[in-house]
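These notes are about the structure you will find just below.
The values are calculated or read from the model by the stated rules, or taken from the named source; none is laboratory data. Worth saying up front: this structure is predicted, and the values here are computed from it rather than measured. With ideal geometry, Cβ positions are generated from the backbone for all residues, glycine too; neighbour counts draw on all protein chains shown. Ligands, DNA and RNA are excluded from the accessible area calculation, which covers all protein heavy atoms including side chains. Shrake-Rupley method; radii C 1.70, N 1.55, O 1.52, S 1.80 Å.
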Amino acid sequence: MQKRLYIQIVATSNQIAGYEVFIRYAAFVSNLFTFNLPVVTIKHTQKLLIEFSDSIITGFAFPEEKGQSIYTIQEKFTFAEFSNASPLEKKSMLTDSVYKSLLNLYEHIGLNSSDVELAYKQIITNHFILSVQLCGGVKQNKKGAIKASVTAEHFLDYALIRVTFSNDKNTVIQVDLFKTVPVYYIYTQLVNSAKWINNNVFAISNNSKEFVLNIEPNGSYAIAYNPKLRSTDGLKEEIKSLAKEILIDF
């Protein structure tokens, strides 16, 4: 069964200066690897956990048994150096450390380490920029003249959800929709599916199909609310709870 492995970074030291800053960067780099690593053929494993510590334990991966849902590797990390680094240096330090840890983890569970090398090269080549395609990727209207895509642009503290329209002349119109926490499970509840209704209207729906955003390639839009077993106000409150910031006229 092919699946995307979820990468998570944690720290066990209680001596980290600026611990909250570390957590923000760790979440960002976790997403970089999660979405740049190729899907793998594996039955039960869902998550790879990298546990950074200032102890002497390093390179220890567990459990030993095959077919477990979560595998963990413990690595030593220089937190003081990280704390004093610039934002770009922080991303580089964590990316390099995670790369080495994942090489060991992939070997431990019998996966192809070249996948890790490929992901690392893509991250560096893309200068730590992460754009995740949502709703099945790029979609053309029936005439084939206009393309539309929904993406989540990842930043350190949030993900920017936007729709982009382009034509054969590469003219681009972008409509920013939401800012959310940079977590795939959260923003895919807001933008779960998308399709062309006709040649001029691109519809984006939330996971329950109760909220539909109909957008035209010129950037104009209309919202349809179809609440089920609740009021429109109840539906709006759920959307507000999922979005850190709503960028459309809600």
Query raised in the report: Taking only the alpha carbons of the stretch 1-91, what extent do you get along each of the three principal axes, in Å, biggest first?
Result: 43, 26, 16
Query - Cross-link table LYS3/LYS209; LYS121/LYS244; LYS3/LYS195; LYS90/LYS179; LYS195/LYS236, entries beyond 29 Å C-alpha to C-alpha - result: LYS121/LYS244
Query raised in the report: Within a Cβ distance under 13 Å of THR232, other residues only, what is the Lys/Arg minus Asp/Glu net charge?
Result: 0
Query raised in the report: What net charge is computed for the residues neighbouring SER149, neighbours being all others with C-beta under 10 Å from the C-beta of SER149, Lys and Arg scored +1, Asp and Glu -1?
Result: +3
Query raised in the report: Mean Kyte-Doolittle of at least 0.0 and a Cα length of 24 Å or more along the axis: which whole DSSP H helices of the chain meet both?
Result: 19-36
Report task. At a 1.4 Å probe radius, which order do HIS154, HIS108, HIS44 fall into by accessible area, largest first? Result -> HIS44, HIS108, HIS154
Query raised in the report: Tally Lys and Arg at +1 and Asp and Glu at -1 over the other residues with C-beta under 15 Å from the C-beta of THR12: what net charge comes out?
Result: -2
Report summary line: With -39,500 (n - 2.57) per DSSP H segment of 4 or more residues and division by the full residue count of the chain, the 222 nm estimate, nearest 500 deg cm²/dmol, is -9500 deg cm²/dmol
Query raised in the report: Percent relative contact order of the chain, based on C-alpha pairs within less than 8 angstrom and at least six residues apart?
Result: 12 percent
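So how strong a dipole does the stretch 83-123 carry about its Cα centre when Lys and Arg Cβ are +1 and Asp and Glu Cβ are -1, to the nearest 20 debye?
Result for the stretch 83-123 is approximately 160 debye, rounded to the nearest 20.
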Requested in this report: Kindly sort MET1, MET93 by accessible area of their heavy atoms, largest first, with the probe set to 1.4 Å.
Outcome: MET1, MET93
